[in-house]
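Visitor: Starting off with a structure, shown below.
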Amino acid sequence: MKFFVDTALIDEIVELNDTGMLDGVTTNPSLIAKSGRDFKQVIAEICKIIAGPVSAEVAATDFAGMVAEGEVLAKIADNVVIKVPLTYDGLKACRHFTGAGIKTNVTLCFSANQALLAAKVGATYISPFIGRLDDTNIDGMELIADIRTIYDNYGFATQILAASIRGANHVSDAALSGADVATIPPGVLRKLYDHPLTDKGLAAFVKDWASTGQSIL
Ligand code: E4P
């Protein structure tokens, strides 16, 4: 499973990239607003740090506007992935970008039928929003499993990018459900390696090692 980090904050991306855990980055207009920075500048900086896919979302909601904006964003760097919403116009824009050899991430997916349409128009990634579905008392993880089954039934190459992840369980459950990628907020990524038994075990090893009086170096 690939790990993308879901943030537009450069410091977070640099820190997490140093671990070798990161395969890519996703951003959205809310994350750009939170960064308080210029959108295109931030995307350019992220693309210099990360060799993998970096999703940049269009702001327009009509086909012509999405195409115009996506073409500008795609020129920022070779690893930019154009993110479009799962609407009629967004699907048309996805088809346009796929035809032009530009990678796409179809976002705001909340149903299996929507995911099926995204695959049919050649999306590189489909982003089902797990947490926002869970918020409405619908099991977001079931959607991931359903999309996996549908894509496998027909051999669609579109990659399932589990989005709107709220906690560590979402990551392991998405992996069990067959997601190809999880886009994870930095705070959740850090929680993946934290475990109280690891900390307790390490403290005991440190103490016992000190009692031997030895040095490895
Ligand atoms: C990423 O591509 C999505 O935009 C993001 O995961 C949405 O997360 P949220 O539901 O926490 O805003």
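Visitor: Out of 111, 30, 172, any idea which swings most in a Gaussian network model of the chain, alpha carbons joined below 10 Å?
Guide: 30
Visitor: Right, another one. Could you give the angle, 0 to 90 degrees to the nearest 10, between helix 140-154's Cα long axis and the longest principal axis of the Cα atoms of the chain?
Guide: The answer is roughly 60 degrees.
Visitor: Same structure again: What is the angle, in °, between the Cα long axis of helix 63-74 and the longest principal axis of the Cα atoms in the chain? Nearest 10 is fine, range 0 to 90.
Guide: 40 degrees
Visitor: Here's another thing I want to ask about it. Give the ranking of 1, 21, 141, 66 by solvent-accessible surface, highest area first, calculated with a 1.4 Å probe.
Guide: 1, 21, 141, 66
Visitor: On the protein heavy atoms, probe 1.4 angstrom, tell me the percent of accessible surface of the chain carried by carbon and sulfur.
Guide: Summing carbon and sulfur atoms, their accessible area is 56 percent of the total for the chain.
Visitor: If you don't mind, another one. Over segment 122-194, average the accessible area per residue using a 1.4 Å probe and give it in Å², no decimals.
Guide: With all protein chains present, segment 122-194 gives 44 Å² per residue.
Visitor: Then there's this: Hey, what's the per residue convex hull volume over the C-alpha atoms of segment 54-170, in cubic angstrom?
Guide: 103 Å³
Visitor: I'd like the accessible area for residue 69: 1.4 Å probe, protein heavy atoms, all chains in place, Å² to the nearest 10.
Guide: 70 Å²
Visitor: Right, another one. Determine Rg/Rh for segment 6-89; Rg is computed over alpha-carbon atoms and Rh is the Kirkwood hydrodynamic estimate from the same atoms.
Guide: Computed over Cα atoms, the ratio is 0.97.
Visitor: Compare 89, 173 by solvent-accessible area with a 1.4 Å probe and give them largest first, with all protein chains kept in place.
Guide: Output order, biggest surface exposure first: 173, 89.
Visitor: Sticking with this one: Which trypsin sites (Lys or Arg not before Pro) does segment 1-86 hold that lie in a coil by DSSP with at most 11 other beta carbons within 10 Å?
Guide: Within segment 1-86, the qualifying trypsin sites (Lys or Arg not before Pro) (loop, at most 11 other Cβ atoms within 10 Å) are 75.
Visitor: With every protein chain kept in place and ligands, DNA and RNA left out, what is the accessible area per residue of segment 1-46? Probe 1.4 Å, answer in Å².
Guide: Each residue of segment 1-46 exposes 48 Å² on average to a 1.4 Å probe.
Visitor: Run the reach check for residue 200 against aspartates and glutamates, Cα to Cα strictly under 20 Å, same-chain hits fewer than 8 apart removed. What comes back?
Guide: In chain and number order, the partners are 208.
Visitor: Oh, and also: Give the lysines whose C-alpha is closer than 23 Å to that of residue 34, dropping any in the same chain fewer than 8 places away, or say none.
Guide: Within the straight-line cut-off, residue 34 pairs with 48, 83, 191.
Visitor: With a ≥ b ≥ c the root eigenvalues of the C-alpha gyration tensor of segment 105-215, is it rounded (a/c under 1.5), prolate (a/b larger than b/c) or oblate?
Guide: In terms of gyration-tensor shape, prolate.
Visitor: Compute, for segment 82-217, the length of the dipole vector about the Cα centre, with Cβ point charges of +1 (Lys, Arg) and -1 (Asp, Glu) only. Units Debye, rounded to 20.
Guide: With Lys and Arg at +1 and Asp and Glu at -1, about 440 debye.
Visitor: For the chain, what is the Kirkwood hydrodynamic radius in Å, using each pair of distinct C-alpha atoms?
Guide: 18.3 Å
Visitor: Sticking with this structure for a sec: In whole Å, how far is the Cα centre of segment 77-135 from that of segment 3-65?
Guide: Comparing the Cα centres of segment 77-135 and segment 3-65, I get a distance of 17 Å.
Visitor: Springs between alpha-carbon pairs under 10 angstrom, Gaussian network model over the chain: which of 16, 189, 86 fluctuates most?
Guide: Comparing 16, 189, 86 in the GNM, the peak value goes to 16.
Visitor: Give the shape of segment 40-87 as rounded, prolate or oblate, defined through the alpha-carbon gyration tensor: a ≥ b ≥ c are the square roots of its eigenvalues, a/c under 1.5 means rounded, and otherwise the shape is prolate if a/b is larger than b/c and oblate if not.
Guide: Cα axes put segment 40-87 in the prolate bin.
The values are calculated or read from the model by the stated rules, or taken from the named source; none is laboratory data. Note that this is a predicted model, so its numbers are computed, not measured. Counting neighbours? That spans all protein chains shown, and the Cβs are built from the backbone with ideal geometry, glycine included. We work out accessible area using only protein heavy atoms, side chains counted, and drop any ligands, DNA or RNA first. Shrake-Rupley method; radii C 1.70, N 1.55, O 1.52, S 1.80 Å.
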